[in-house]
1. Work out the FRET efficiency for Tyr44 and Ala20 from their Cβ-Cβ distance, taking R0 = 35 Å, and round it to the nearest 0.05.
2. If you average the sequence gap of Cα pairs under 8 Å that are 6 or more apart and divide by the length of segment 64-122, what percent do you get for the contact order?
3. So how tilted is helix 44-62 from the main axis of the chain? Cα-based, degrees 0 to 90, rounded to 10.
4. As an exercise, use a Förster radius of 30 Å and the Cβ-Cβ distance of Gln88 and Thr68 to find the FRET efficiency, rounded to the nearest 0.05.
5. Kindly express, to the nearest 10 degrees and within the range 0 to 90, the angle between helix 27-38's C-alpha long axis and the longest C-alpha principal axis of the chain.
6. Quick one: longest stretch of the chain between exposed loop GluC sites (Glu not before Pro), exposed meaning at most 14 other C-beta atoms within 10 Å and loop per DSSP?
7. Tally Lys and Arg at +1 and Asp and Glu at -1 over the other residues with C-beta under 14 Å from the C-beta of Gly66: what net charge comes out?
8. Tell me which residues come under 5 Å, amide H to amide H, from Phe101 once H is placed; ignore anything under 5 positions away on its chain.
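Here, each number is a calculation from the coordinates, and none is a lab measurement. For clarity, every value in this text was computed on a predicted model and none was experimentally measured. All Cβ positions, glycine included, derive from the backbone under ideal geometry; neighbour counts span all protein chains shown.
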Amino acid sequence: MAKTQEKACLECGEKIKGRADKKFCSDQCRVAYNNKLNRDESNYMTNVVNLLRKNRRILLELNPSGKTRVSRETLTKKGFDFNYHTSQYKTKENAVYYYCFEQGYLPVENNWYLLVVKKETM
């Protein structure tokens with residue numbers, strides 16, 4: 001019988017018993033290891049996601065019908081940040097819609113915005 005190589009837990013270094021492909025000695029070590037692996041090195045990503053969610057909530061609140069016009073002042077007073085959006089859509093006429101997930105806005109004239117919802121989500 002071939003001698004099996006002893007493996008150490010990736011989290012705590014303890015000897016692993018069981019299957020040959022096992023990487024952790026326990027579920028607690030597996031969870032702790034993956035939590036460390038997936039933790040952001042900084043708060044930057046968390047802050048950006050929170051800004052995007054806030055922008056989406058503002059657009060959703062101001063656009064209950066699915067198509068509304070609002071002023072830049074209204075969006076700004078609610079705390080909307082125009083620097084953050086998840087995607088853009090450019091029309092054949094070169095109009096650019098900005099989206100925070102499914103909630104979108106189109107700059108129109110004189111600091112007014114048309115609020116819309118992506119069609120595929122309605």
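1. Values: r = 40 Å, r/R0 = 1.14.
For Tyr44 and Ala20, the calculated efficiency is 0.30.
2. 36 percent
3. So the helix axis and the longest Cα principal axis differ by about 40 degrees.
4. Taking R0 as 30 Å, the efficiency between Gln88 and Thr68 is 0.95.
5. Helix 27-38 and the main axis of the chain meet at about 40 degrees.
6. The longest such stretch corresponds to 42-92.
7. Net local charge, Gly66 excluded: +1.
8. Thr86, Ser87
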